[in-house]
1. Within the stretch 8-28, track down each residue that is buried (at least 18 other Cβ atoms within 10 Å of the Cβ) and within 18 Å of LEU219 (Cβ to Cβ).
2. On the basis of being out of contact with any helix residue (DSSP H, G or I) (no Cβ under 6 Å at 6 or more places or on another chain), in contact (Cβ under 8 Å) with a residue 60 or more places away in the chain and among the hydroxyl-bearing types (Ser, Thr, Tyr), does TYR80 make the cut?
3. Would you tally the residues in the stretch 182-211 being at pLDDT 95 or above and open to solvent by 40 Å² or more (accessible area, probe 1.4 Å)?
4. Yes or no: the stretch 31-43 includes at least one residue that is open to solvent by 70 Å² or more (accessible area, probe 1.4 Å) and more than 15 Å from LEU219 (Cβ to Cβ).
5. Just to be sure, is LYS123 surrounded by fewer than 22 Cβ atoms within 10 Å (Cβ to Cβ), over 25 Å from LEU13 (Cα atoms) and touching a Phe, Trp or Tyr at 6+ places or on another chain (Cβ under 6 Å)?
6. Does ARG102 satisfy the condition of being among the basic types (Lys, Arg), within 30 Å of GLU134 (Cβ to Cβ) and outside any helix (DSSP H, G or I)?
7. Under the condition of being modelled with pLDDT under 70 and open to solvent by 100 Å² or more (accessible area, probe 1.4 Å), which residue from the stretch 235-247 is farthest from LEU171 (Cα to Cα)?
8. Can you find even one residue in the stretch 96-114 that is touching a Cys at 6+ places or on another chain (Cβ under 8 Å) and either open to solvent by 40 Å² or more (accessible area, probe 1.4 Å) or modelled with pLDDT under 95 (or both)?
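The values are calculated or read from the model by the stated rules, or taken from the named source; none is laboratory data. Here the structure is a predicted model, which is why all the values come from computation and not from measurement. Here the Cβ positions follow ideal geometry from the backbone for every residue, glycine too, while neighbour counts run over all protein chains shown. To get the accessible areas, we keep the full protein, side chains included, count just its heavy atoms, and leave off ligands, DNA and RNA. Shrake-Rupley method; radii C 1.70, N 1.55, O 1.52, S 1.80 Å.
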Amino acid sequence: EGVEQFWKDVCALPQADTQMPDRRRFILLLSGLSSYRKVPGIEEHQGFDSLYHCKGRIAANQTKEYLEKVMGVTDKESLYQVANNFYHSGDEYDQFMSFWERRPVFNEKDLTAEGRGAFQKCKGFAELFRDLVENRGFFAWDCNERICLYRAACACGLISDAEFWNLCEPLARNATQLYRSWKEYALSAFCGAIYFAYCQYGCQEGEELKQFYAINNMLLHKLFLGEGHWTRWDWYEFPVKQWAIPGPQIK
């Protein structure tokens, strides 16, 4: 009910004067929800104007230590693996869709009894959001979190600025193919956040899940109604590639 009310609140917002962000600002804005999370060595909001870099070696080492101890990230390779292996709620939703549409990508009988029970719980919980996100799923949450993780790695020098943009551009392109506005992106991120927390907390709808919901609800309202980072900018569209030979003539 809370997510549905959020969606109604966002849809009821009056049309604001907006401007088109450039590609890099758009990528940074995609991490808006998780950008408010504090990270050791990054004691202030990183902003969306440019990439943030830790202020000094001590701060950079604090961020590197955090990434290693909490996330298991020690280099560029482990960074990419953690980002994809930890934030994959969108992929799970796509699997659930295959079952809902009677075209399952695997046979549940191939799972262990424990695995089958967990899968069915997660699928049942995800279905609560199906009417809201439809086939857009939970990718926005993964996108938001991965970019935030990459920003922290870039801030402490674990990856270069160029490597950051190379890692994030495919995420941004995927987002523009799935969503048509910041409102749709926000709804997907919100539903994905709640689903992610549900799985992380042992498929239990307890107090921890309620707190996680409340935090993300507050941050999303801040992005739209407070500081308004997602209301002052248009949703970005990647330029369509112009071919030297018209498409129908290409053989």
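1. VAL10, LEU28
2. It is true that TYR80 is out of contact with any helix residue (DSSP H, G or I) (no Cβ under 6 Å at 6 or more places or on another chain), in contact (Cβ under 8 Å) with a residue 60 or more places away in the chain and among the hydroxyl-bearing types (Ser, Thr, Tyr).
3. Summing the residues that are at pLDDT 95 or above and open to solvent by 40 Å² or more (accessible area, probe 1.4 Å) in the stretch 182-211 gives 0.
4. yes
5. For LYS123, the condition - surrounded by fewer than 22 Cβ atoms within 10 Å (Cβ to Cβ), over 25 Å from LEU13 (Cα atoms) and touching a Phe, Trp or Tyr at 6+ places or on another chain (Cβ under 6 Å) - is met.
6. Yes; evaluated as a whole, the condition is true for this residue.
7. TRP243
8. No: zero hits.
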